Amino acid sequence: MGAGGGCFRAAPADPSSSPQLEARPALKAQLRPVLKEASRGQRRSGFAGFVGRGPRAQAETLDSVFAALRGADDAQEKEACDWLTEWAGCASPKARAGLVALMQRLMARALAERVAKAEEIASAHTGDGGEGPDFAQLAQHCEEALTLDMAHRAGVRVAAQVLCAASWGGGADEPSTSVVVPELDRLVLLFRRAALASVATSARNLQRWSELEAEIGLPALEKHLPLLSRKAKCLLLALTLVPQGRPQLPVVVKREKALTDAEAQLPDASACVLSCYFESDSGTKFIQGKRVEGGEGHGPRKEFFIAASADAIGRFGPPTELSLGREGVVVTAACEGSRITLSAEGDEAAPTSILMQVGVRDRIIFHTQDGQELGGVVVAKPNRGTLVLDSPGKTMKCTVVRCEAQRPAIPLFEFHRGSGQHWFGAYAGDFGIPSGDALRRRYRTFGKVLALAITNHCKLSFVLPVMFFRVLLRRKTAFVLNDLRGFDNALHVSMKKILKMRPGQFASLKEVEGLPDSLTREEYVASQVSEALCPAAMEEVRAGFESMAPQALLKDVLASELRHAVCPTESHSGSINIRHIFEVVMEDEMAECAAFVEAFWHVVDNLSVEEKKRFLVFVTGVETPPEPGTEQLFIQLPFSAFSQDEYVAMLSMLPQAHTCTNTLELPNYHEALLESGRIPEAGSALNAELRRLLGDKLRLAISETGGYELDGGFLPEASSSTPTAAMAAGPQAPMPVMCDRLPSTAGTAASTPSLEVVEAWRLPNCALDDKPHGLGGGGTPRSSVPRVLRTAADAADGSTAATSLEPQAVLDPVYAKGSQQPRHDVDSLLEDLDNVLKTPV
């Protein structure tokens, strides 16, 4: 029986009394040491007794088991393996536990010392610069250390088969985690960082991995996934899903509609690694005939999955610019409460023309001459020049330079209050609406994105419940009322009440809903539960997912493990510890300067949670922290200076970053302070100034991140490694150093007021859009378009006219049935509606 097959016939507690074994005395004699040790493991004192024998006796005992499993030839070895495997699938839990413990000890005996030696070797090969270790080279370095003794290889093969069979015993719908072998976990995770550093070569890495397994004498672990825990299992799964020879797939999307744009570009069969690009009018690179941002690598890849997630849960489409009328017309917006009244000098028809381009329930955003934004969701248009928005704003009058509108969209997933996570949207079970075909295709595309998140080592921006993945993997195909308990308690209570309805009441319910008279209450409840937990959209998601990740390859993956692989399940709401999340690798020049290292950690440790999220965006591309220990953060000092003027210029430089390799590039502020003459000598004064300078520059850099465009605006005479006098002008000067993420220069000139974004979720180069708080999916959807953006001058003069700093609810589209309606200022809304009714037609 193959791994994962399972066998559920009754079996004797003592394997030696098996009729099959009694009929084969030679096999019984061969397996006597195995049966003896397995029987010991069934006793309560079995493991304690084994440990109490001492290391030498333990080794001798296990070596005798290895010898028994080796057999005289391949046929005899296969016979022993097949019998033990079959018995493991049939045995009682107690008997199976004894055999499992023995097989795990065999694995530890064969692997423990070798894996420990390989770990030492791997720690010495971290790769050059910010590229991380090379997968093939790491395998070559560790191969000799990992090679198993010939006497142990047969036992390891048998143990792997037996443990896999035991993981499926007892009729479970998912494999047990009790058969995990920690030493195999450590072996696989040796290559985790190398695999993440070379995502683009996953197919080649899998080939090298298979060669390594054959050379060192291991069975194919990708076919024995129950032996591994979640992290190692998902790493091998990511390699396995990409077919040999499958090249990277370039995908070009707009950030605000990433999922929609990717629909026609993603493959219909087999997963792959994506090479993601974002369209940009100012980009200098062309991909597939489109102008794109300059960044490439794992940073844009991670941002694609975040942007696709945002598209999946967005309640509004991408912004479209509205015409303000004839050229030269000056449009003025007067905001008072929830009303915005438009007027125009030289063109009385302009306000009417603008409002004709906007419908009720559209979101409108006005960009003003002084750099502010105001707007919201349109509730009503009481007359030709007036809009009523969903929430009040600051009383003000301003000149409009640009106006955008966003149409309502049907979100694929919405925040689910019962589970505190996201679940299918209101129309997941109804594709009969006019946009039903497009909605169906979007759900299928989302299924592909789920599978591709595995192979690309990326995650979504929101969390889906474990129930979603149980249904997706077909582990849950029949549903009962109790499945709603803890998931949707309100629906659970409602269904229980229906079961207790009187016949007359239930008959009225069936009449209202147009249901057949023969339908019973139990059938009705079963139908409602099934529709709630497995709507029609799940079939589309599953179709897209299984086209990339065949069901057979995921049979040994738990639903909770898949969820953890593609959703940001780690909670970092209270604090983000950069030291704990990353393995930080500092360039020698910085590592040898204790004052600079101390200043760096003083600044980073004292960043607020929001600032740490912006720091993560700056160096990794997304604000969701990676799983602790899985990624490295490289800190380099690449800039050189040779004169006092150049050191003075270096003090004005900002940090830069490469998101594809998680590399932070810092000017050597410590050396610049000394060599420029600003601080004459090392000491407490230097340390204090270094902390201040580094803190100011880093905060400015992470707050003004503009995107990936690298090549435009550089000074032609600038050296790539030497700061020029032009940099002394401050952050608005062009930076003559190519990097993935440059600080934006917008809004930093002295004539431009500093803007404070009220409750705005920030993604580089991404228009404000409807997102949950942060990227963890823990909050409720909100309108991220603020009523007004306050300037520093507003804060200085104590202005409180920006009425609310809390997220404002978005008015649900008319078709969002079942959605909770937002809360509004009832009195003002009634007043506005009353005015609408009084307005002559």
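Okay, here's what the table says:
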quantity	calculated
Those residues of region 363-377 which are open to solvent by less than 20 Å² (accessible area, probe 1.4 Å) and either in contact with a Gly (Cβ under 7 Å, 6 or more places away or on another chain) or in contact (Cβ under 8 Å) with a residue 40 or more places away in the chain (or both), in sequence order	Arg363, Ile364, Ile365, Phe366, Gln372, Leu374, Gly375, Gly376, Val377
Residue tally, condition closer than 17 Å to Gln636 by Cβ, of a type outside the set (Phe, Trp, Tyr) and either buried (at least 19 other Cβ atoms within 10 Å of the Cβ) or without any contact (Cβ under 8 Å) to a residue 40 or more places away in the chain (or both), over region 551-592	4
Pick from region 265-279, criterion polar (S, T, N, Q) and assigned to a loop (DSSP other than H, G, I, E, B), ranking: farthest from Val252 (Cα to Cα)	Ser270
Residue in region 236-246 that is without any contact (Cβ under 8 Å) to a residue 40 or more places away in the chain, farther than 24 Å from Ala543 by Cβ, open to solvent by 40 Å² or more (accessible area, probe 1.4 Å) and of a type outside the set (A, V, I, L, M) present	no
Positions within region 171-219 being farther than 16 Å from Val273 by Cα, part of a helix (DSSP H, G or I) and among the small types (Gly, Ala, Ser), in sequence order	Gly171, Ser178, Ser210, Ala214
Unmet criterion (only one of (1) without any contact (Cβ under 8 Å) to a residue 12 or more places away in the chain; (2) more than 22 Å from the chain's Cα centre (by Cα)) for Arg291	(1)
Test: residue in region 133-142 that is closer than 30 Å to His298 by Cα and at pLDDT below 80	yes
From Arg485, Arg442, Arg474, residue being at pLDDT 95 or above and out of contact with any Phe, Trp or Tyr (no Cβ under 9 Å at 6 or more places or on another chain)	Arg442
Subset of region 220-233 [open to solvent by 10 Å² or more (accessible area, probe 1.4 Å), closer than 15 Å to Leu189 by Cα and part of a loop (DSSP other than H, G, I, E, B)]	Ser229
Residues (within 26 Å of Leu616 (Cβ to Cβ), open to solvent by 20 Å² or more (accessible area, probe 1.4 Å) and either in a strand (DSSP E or B) or at pLDDT 90 or above (or both)) located in region 653-691	His658, His670, Arg691
When residues of region 94-132 are limited to those that are modelled with pLDDT of 85 or more and of a type in the set (Val, Ile, Thr), the one most open to solvent (accessible area, probe 1.4 Å)	Ile121
Odd one out for Val622 among (1) under 18 Å from Asn668 (Cβ atoms); (2) not in a helix (DSSP H, G or I)	(1)
Every residue from region 369-385 that is at pLDDT 90 or above and of a type outside the set (Gly, Ala, Ser)	Val377, Val378, Val379
Checking Gln288 against (1) on the phi < 0 side of the Ramachandran plot; (2) surrounded by fewer than 21 Cβ atoms within 10 Å (Cβ to Cβ); (3) not hydrophobic (A, V, I, L, M, F, W, C), the condition it does not meet	(1)
Test: residue in region 303-323 that is among the hydrophobic types (A, V, I, L, M, F, W, C) and over 23 Å from the mean Cα position of the chain (by Cα)	yes
Out of Gly325, Gly295, Gly359, sole residue that is under 30 Å from Phe424 (Cα atoms), among the small types (Gly, Ala, Ser) and not in a helix (DSSP H, G or I)	Gly359
Which listed residue, of Val622, Val609, Val617, is β-branched (Val, Ile, Thr), under 28 Å from Arg192 (Cβ atoms) and either in contact with a Cys (Cβ under 7 Å, 6 or more places away or on another chain) or without any contact (Cβ under 8 Å) to a residue 60 or more places away in the chain (or both)	Val609
Scope region 289-311; condition closer than 16 Å to Glu263 by Cα and small (Gly, Ala, Ser); matching residues	Ala307, Ala308, Ser309, Ala310
Single residue of region 605-627 satisfying the filter (under 16 Å from the mean Cα position of the chain (by Cα), of a type in the set (D, E, K, R) and farther than 12 Å from Ser703 by Cα) that is surrounded by the most Cβ atoms within 10 Å (Cβ to Cβ)	Glu623
Region 475-498, residues that are free of Cβ contacts under 8 Å to residues at least 60 places away in the same chain and outside any loop (DSSP other than H, G, I, E, B)	Leu481, Asn482, Asp483, Leu484, His492, Val493, Ser494, Met495, Lys496, Lys497, Ile498
Filter result for Ala728 (at pLDDT 50 or above and over 31 Å from the mean Cα position of the chain (by Cα))	no
Cross-chain or 6+ apart pairs with Cβ under 6 Å, region 451-467 first and of a type in the set (Phe, Trp, Tyr), then open to solvent by less than 10 Å² (accessible area, probe 1.4 Å) and in a loop (DSSP other than H, G, I, E, B)	Phe462/Gly777
Residue within region 320-327 that is in contact (Cβ under 8 Å) with a residue 60 or more places away in the chain and either open to solvent by less than 50 Å² (accessible area, probe 1.4 Å) or in contact with a helix residue (DSSP H, G or I) (Cβ under 9 Å, 6 or more places away or on another chain) (or both) present	yes
Condition check for Leu698: in contact with an Asp or Glu (Cβ under 7 Å, 6 or more places away or on another chain), part of a helix (DSSP H, G or I) and surrounded by 18 or more Cβ atoms within 10 Å (Cβ to Cβ)	no
Criterion: among the hydrophobic types (A, V, I, L, M, F, W, C), open to solvent by less than 40 Å² (accessible area, probe 1.4 Å) and either in contact with a Lys or Arg (Cβ under 7 Å, 6 or more places away or on another chain) or modelled with pLDDT of 85 or more (or both) - qualifying residue of Val360, Val331	Val331
Ala350 vs. criteria over 30 Å from Met467 (Cα atoms), buried (at least 16 other Cβ atoms within 10 Å of the Cβ) and in contact (Cβ under 8 Å) with a residue 60 or more places away in the chain	no
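Residues checked against (1) within 19 Å of Ile306 (Cα to Cα); (2) in a helix (DSSP H, G or I):
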position	(1), (2)
Ala537	no, yes
Arg542	no, yes
Glu570	yes, no
Ala595	no, yes
Leu607	no, no
Gly629	no, no
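The values are calculated or read from the model by the stated rules, or taken from the named source; none is laboratory data. Here the structure is a predicted model, which means the values were calculated and not measured. Cβ sites come from the backbone with ideal geometry, for glycine too, and all protein chains shown count toward neighbours. SASA here: full protein model, heavy atoms, side chains in, ligands and nucleic acids out. Shrake-Rupley method; radii C 1.70, N 1.55, O 1.52, S 1.80 Å.
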